[in-house]
Structures are given as structure tokens and as C-alpha cells.
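**Q** Handing you this structure, nothing more for now.
The values are calculated or read from the model by the stated rules, or taken from the named source; none is laboratory data. The shown structure was predicted, so the numbers you read here are calculated from the model rather than taken from an experiment. Positions of Cβ are backbone-derived with ideal geometry, glycine not excepted, and every protein chain shown enters the neighbour counts. Calculation scope for accessible area: heavy atoms of the full protein, side chains included, ligands and nucleic acids excluded. Shrake-Rupley method; radii C 1.70, N 1.55, O 1.52, S 1.80 Å.
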Amino acid sequence: MSTPSSSPAPMSYKNTPNRSVSVRGVTFVYRQLGPDDGVPLILLNHLSAVLDNWDPRVVDGLAAQRPVITFDNRGVGASGGSTPDTIEAMARDAVLLIRALGYDKVDLLGLSMGGFIAQVIAVEEPDLVRKLVLAGTGPAGGPGIDKVTSLTIKDTIKAVLTRKDPKQYLFFTDTAGGRQAAHAFLDRLKERTDDRDKAISLSSFRAQLKAIHHWGRQAPADLSRIHQPVLVANGESDRMVPSVNTVDLAVRLPQGELEPLYPDAGHGGIFQHHDRFVPRALEFLEP
């Protein structure tokens with residue numbers, strides 16, 4: 001996959017070109033859009049996600065004011081290499097990618113597993129990270145996180161039997177409003193029709209599940225080591241990473257700010273309530 005020549009980045013995620021960069025001999029695929037100036041916002045994705053799993057309303061909304069970069073983790077989607085089975089190794093990969101792109105100061109938006117990765121980066125590379133947004137995520141050892149594997153498998157089987165997308169069950173509430181939001185979100189994910197990303201492989205999916213399970217079984221995290229300002233957001237009914245973890249993060253982080261939990265929303269709360277989340281995140285990320 002070749003890197004396109006330099007030109008103004010399009011302002012819509014549905015037609016943002018795929019780019020690539022070599023990181024210690026491994027090709028990482030990414031997309032970049034938004035203005036050329038300002039601290040870049042690096043988006044760290046959730047379990048099993050590839051580039052096309054980011055809600056274009058969230059990406060486009062953030063990129064209206066900020067440089068935004070999404071990427072495939074090692075071994076995921078179109079990126080090369082083998083997927084690590086620890087969150088710490090994923091964090092090191094993300095740091096190497098950021099450095100390879102030439103940045104020495106970034107903001108991070110981590111969703112679910114991406115939020116785990118963001119926390120590790122903030123601790124291990126404090127000078128690299130200016131601010132963080134943590135969504136649908138929790139600290140190491142947080143309650144219920146070690147149940148992600150069983151819940152994911154159960155709901156994936158349910159989705160196959162009902163011919164639904166697993167995200168409808170995993171990311172949204174089983175209410176009229178939740179089902180409507182799920183359908184709207186899944187329709188938005190189909191807006192990009194050309195040059196779509198590859199789906200995650202089964203081996204990479206298993207490696208990510210192992211990493212998440214270990215994260216959930218670790219000793220409770222020392223959140224006092226994260227000194228950067230952090231905005232924490234989630235739906236009020238997150239089944240994957242129970243919402244109590246969101247409140248816990250906001251309380252225990254030295255500079256944590258809690259966005260009021262989104263009503264009738266689950267793990268995909270920032271997608272369902274993108275009209276509230278995007279302006280709040282942009283306000284928080286202002287210099």
C-alpha cells in the first residue's frame with residue numbers, strides 16, 4: 001500500500017485515503033484528516049476494530065478542528081506483523097507509530113481496549129501525551145473487564161443466529177432507542193464504499209481477547225501515575241466494560257473529568273451520542 005503524495009487532507013472520513021508507514025520493518029496502515037496545524041489527536045480503537053469501525057460522525061466532527069489520525073494495530077486489518085497479546089505491547093507499537101509519523105506531542109482518544117492502551121502510553125511516555133479522552137473503558141483490574149471474552153463470544157453467537165451485527169448487542173442497549181441507534185450507527189459504517197479496510201483475522205482477534213482478559217485480571221491500577229488532564233465518557237449501561245469503571249476513572253485520576261453518562265446508551269455511547277460527545281471533546285482538547 002503506497003503512501004499518497006502530499007495534498008490537503010479531505011474533510012470526510014469516508015474518502016480519506018489509506019496511508020502507510022514502516023515501523024521497524026512492519027507496515028502500519030493509517031488515515032489522516034483535518035487541519036495541518038495543531039496537536040494531532042490519535043484514535044486508539046476497540047476490540048476487533050479496523051479503520052472502518054470508527055464512526056464517521058465522530059471522526060469528521062473532531063477533524064473539523066483537529067488533525068486526526070486513525071490506524072490499524074499491528075497485525076490488524078491491513079497492517080502487517082503479528083498482533084501482540086498484551087496491552088503493554090500494543091502501547092509500545094502505538095508509540096513507535098507516533099514517533100515514526102514525526103510527532104513528539106499528541107492527544108489520545110482511546111475507546112474500550114484503546115482506552116487501556118492510552119492509559120499505558122500516558123504512564124510510560126508522559127512527555128508525549130498532552131491530554132487524553134477515555135471512552136467506554138476502565139483501569140487495569142476494573143470490575144467486569146475480565147468477562148469481556150465470554151460476553152463477546154455469547155453475543156457473537158447470538159448475532160449469528162439472529163443474522164445481526166454483534167455490535168448491535170455489544171455496543172447498544174436492548175431498548176427501542178438503543179436498537180434505533182444501533183441501526184443508524186451500522187448504516188454510517190457503510191458510508192465508505194471504496195478502498196475499505198480488511199477485517200480482523202481470527203488469530204488477531206484471539207490475541208486481543210487474551211490481552212483484555214489479562215488487563216481485567218491485573219492488580220488494580222495506580223491511576224495517580226497519570227498526571228495529564230483526562231476526559232472520561234461512556235453510556236450509562238455499558239455491558240462490556242461496566243459503566244462503574246468510567247466513574248471510577250474520573251474519581252481516581254488526578255485530573256479526571258466525567259462527562260455525564262449518556263442515557264439509554266451502552267459501550268458505543270460516544271457513537272450513539274456523537275452530537276454531544278464531539279463538541280465536549282473538542283472543548284476539552286482546546287489548548
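**Q** Exactly one of (1) buried (at least 24 other Cβ atoms within 10 Å of the Cβ); (2) over 18 Å from the mean Cα position of the chain (by Cα) is unmet by VAL251. Its number?
**A** Only one criterion in (1) buried (at least 24 other Cβ atoms within 10 Å of the Cβ); (2) over 18 Å from the mean Cα position of the chain (by Cα) is unmet by VAL251, namely (1).
**Q** Looking only at region 235-244, decide whether some residue is in a loop (DSSP other than H, G, I, E, B), exposed (fewer than 15 other Cβ atoms within 10 Å of the Cβ) and small (Gly, Ala, Ser).
**A** no
**Q** Something else: Could you please give the count of residues in region 269-287 that are touching an Asp or Glu at 6+ places or on another chain (Cβ under 8 Å) and assigned to a loop (DSSP other than H, G, I, E, B)?
**A** 1
**Q** Of the residues GLY110, GLY138, only one is surrounded by 24 or more Cβ atoms within 10 Å (Cβ to Cβ), out of contact with any strand residue (DSSP E or B) (no Cβ under 8 Å at 6 or more places or on another chain), under 20 Å from PHE284 (Cβ atoms) and not aliphatic (A, V, I, L, M); which?
**A** Values: GLY110 fails: out of contact with any strand residue (DSSP E or B) (no Cβ under 8 Å at 6 or more places or on another chain).
Just a single option satisfies the conditions, and that option is GLY138.
**Q** Now, a different point. If you take just the helices (runs of 4 or more DSSP H) that sit entirely in region 47-160, which of them hold at least 1 residues that are farther than 29 Å from PRO254 by Cα? Before you say what the answer is, go through the steps one by one.
**A** Numbers: elements: 56-63, 87-100, 113-124.
Hits in region 47-160: 56-63, 87-100.
**Q** Scan region 161-181 for residues that are under 16 Å from MET240 (Cβ atoms), of a type outside the set (A, V, I, L, M) and part of a helix (DSSP H, G or I) and jot them down.
**A** PRO166, LYS167, GLN168, TYR169, PHE171, GLY178
**Q** State all residues of region 147-168 that are open to solvent by 30 Å² or more (accessible area, probe 1.4 Å) and either closer than 24 Å to LEU108 by Cα or within 18 Å of the chain's Cα centre (by Cα) (or both); if no residue qualifies, say none.
**A** THR149, PRO166, LYS167
**Q** Here is a further query. Given the criteria open to solvent by 80 Å² or more (accessible area, probe 1.4 Å) and within 24 Å of PRO17 (Cα to Cα), does ASP194 qualify?
**A** Yes; evaluated as a whole, the condition is true for this residue.
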